[in-house]
Amino acid sequence: MSTRPIRQAVAGTIACLALLGAVSCANPQTAPPLPPAVPGAPAAPPAAPADAGDAQPAVLGAAGQGAAGLAALGALGASNGVGAPVRDLGSQLAEDGKALAEQMNEVAAAQGVTLGDQPSSEQQAMLADLQSRSGEQFDQAWLRAAGEALQQARDAANAVLASPDATEEAKAAARAALAKLDALGASLRQATASAGASTPAQVDAGTGGQAALGDQALTVIALLTAGAFLLGGALWRRRSI
Amino acid sequence: MAAAFDLARATVSVSRNAGRWQAGTGAACLAFGLALLGNPPAPVELGALPAPSTPSRPVVTVSAASPAGTIPTQLELPAGGVSAPVVPVATGADGALVVPDAPSTVGWWSPSSLAGGRRGTTVIAGHVDSAAEGMGVLSVLRRARPGDEVVLRGAEGREVRYAVVAVRQYTKAELPPEVFSSTGPPQLVLITCGGRFDKAARHYTDNVVVHAVPVG
């Protein structure tokens, strides 16, 4: 499978994260509630005018944690992945996540905010799960984690598009990011399906039919047996009269 | 002579009445038994589903210092007297979850969360029955009740205990994708088949899903 579309579209994910930071920082008084940028990143609270000063560090913090989580997810995929799509996408995520984290730190520092460099507890839980796996099982879980990150980024971009407060520039960036994310989505779905990690469409778990009778089996057998005896007895009695 | 005739007639009448009663009862038993054969039990809906995670609510409820999960290798359902080996399974090329052929073995959908992990759903599936090997170990799921204990053991001997909180039955086409969610609070989902059996297709119409949450 070609991994070029994946590499191209990873930039879309990163662009979305950057976009979130840009929109939030540009309009701290009117920014809409933002969904988490990556799995588990706390949602940015709505920035009410009265507490805009408190909300902005929270938004920056969420974006910074999101970037740290992406970098950690990427590094794990690059080092532990057994399939080429996981290793390739992992390397790209690690590089871009690190660059974004640095960028977010600069933005935050300019506003007198210090960002932590650790993933959120939810992201740490995801990483701990991945670190307990190896081989094919690692790739399966990693691809699903990347899929979650992609979905979160898509949700974020769509939230920007739906926001009446977002600038035209921000909306154009969101549209461009969505196009790239769609390309990533297609590649990621193909890799996920190849790894047997797609969400199952159905579960067929019974071919005998014995359980259909299940708990009622004894009742049914007793009723049929009693019915047959009673009818047989009635016929015999009628003949003998 | 007349008295003897009356007695004989009365005896025949009593006997005929008893015969009618016997035939009626027999027919009712047969009809009820056949009706039960044609109509499987009503769909199961017990307990309350675990609350899904929302963006405004923290989804990790277990301390970050708690151990990472373990790959499950053994399933126990003490109330049903079940102890079954667990093997990793994946999604097949046709999009269906690949369930182990042997109904005495259950499958851990390996893209799902580890047992005892700090997030997401651990998915276990197994046959309710098999044409070749009879009833499956997960046939007990229909009788599961909130509060029942479920135990998953890992290869290193670690034991993770869960308590059943809800049992649901869905038509297969309506099995919610959320049961395979890898985000949100940790939970265990056990899946098998239920409902009516289509003899032509050799498939059941429904899935029985048991939701359990970690305890202890």
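The values are calculated or read from the model by the stated rules, or taken from the named source; none is laboratory data. Nothing here was measured: the structure is a model prediction, and the numbers come from that model. Positions of Cβ are generated from backbone atoms using ideal geometry, with glycine treated the same way; all protein chains shown enter the neighbour counts.
Annotations
- Pairs, first at the interface with chain B (Cβ under 7 Å from one of its Cβ atoms) and touching a residue at least 24 places away in the same chain (Cβ under 8 Å) in segment A:124-139, second assigned to a helix (DSSP H, G or I) and among the hydrophobic types (A, V, I, L, M, F, W, C), C-beta under 8 Å, six or more apart: A:126/A:73; A:126/A:145; A:131/A:76
- When each of A:212, A:222, A:197 is tested for being within 11 Å of chain B (Cβ to nearest Cβ) and not in a helix (DSSP H, G or I), the lone residue that passes is A:197.
- Some residue of segment A:49-71 being part of a loop (DSSP other than H, G, I, E, B), of a type in the set (A, V, I, L, M), out of contact with any His (no Cβ under 6 Å at 6 or more places or on another chain) and modelled with pLDDT under 80: no
- Output for segment B:108-155, where each listed residue is closer than 30 Å to residue A:127 by Cα and assigned to a loop (DSSP other than H, G, I, E, B): B:110, B:111, B:112, B:113, B:114, B:116, B:117, B:118, B:119, B:120, B:126, B:155
Table: residues versus (1) under 25 Å from residue B:106 (Cβ atoms); (2) among the charged types (D, E, K, R).
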site: A:145; (1), (2): yes, no
site: A:162; (1), (2): no, no
site: A:169; (1), (2): no, yes
site: A:176; (1), (2): no, no
site: A:180; (1), (2): no, yes
site: A:195; (1), (2): yes, no
site: A:229; (1), (2): no, no
site: A:232; (1), (2): no, no
site: A:236; (1), (2): no, no
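- Residue under evaluation residue B:166, criteria (1) more than 10 Å from chain A (Cβ to nearest Cβ); (2) under 24 Å from residue B:205 (Cβ atoms); (3) in contact with a helix residue (DSSP H, G or I) (Cβ under 8 Å, 6 or more places away or on another chain); (4) at pLDDT 95 or above, criterion not met: (3)
- Meets criteria (within 30 Å of residue A:191 (Cβ to Cβ) and either outside the structural domain of residue B:52 (by TED's automatic domain parsing) or out of contact with any Asp or Glu (no Cβ under 6 Å at 6 or more places or on another chain) (or both)) for residue B:167: no
- Hits in segment A:151-169 (condition: among the hydrophobic types (A, V, I, L, M, F, W, C) and either touching a Lys or Arg at 6+ places or on another chain (Cβ under 7 Å) or surrounded by fewer than 20 Cβ atoms within 10 Å (Cβ to Cβ) (or both)): A:159, A:160, A:161, A:162
- Within the set A:227, A:206, the sole residue that is within 7 Å of chain B (Cβ to nearest Cβ), buried (at least 16 other Cβ atoms within 10 Å of the Cβ) and either among the polar types (S, T, N, Q) or closer than 19 Å to residue B:125 by Cα (or both) turns out to be A:206.
- Inside segment B:176-206, residues that are closer than 20 Å to residue B:135 by Cβ and part of a strand (DSSP E or B) make up a count of 13.
- Here the condition is being over 24 Å from residue B:174 (Cα atoms) and not hydrophobic (A, V, I, L, M, F, W, C); of A:208, A:185, A:196, it holds for A:185 alone.
- Test: residue A:187 is touching a strand residue (DSSP E or B) at 6+ places or on another chain (Cβ under 6 Å) and either of a type outside the set (Val, Ile, Thr) or surrounded by 14 or more Cβ atoms within 10 Å (Cβ to Cβ) (or both): no
- Neighbours by Cβ (under 8 Å, 6+ apart or cross-chain): first from segment A:78-91, surrounded by 19 or more Cβ atoms within 10 Å (Cβ to Cβ); second among the hydroxyl-bearing types (Ser, Thr, Tyr) and in a loop (DSSP other than H, G, I, E, B): A:85/A:3; A:88/A:3; A:89/A:3
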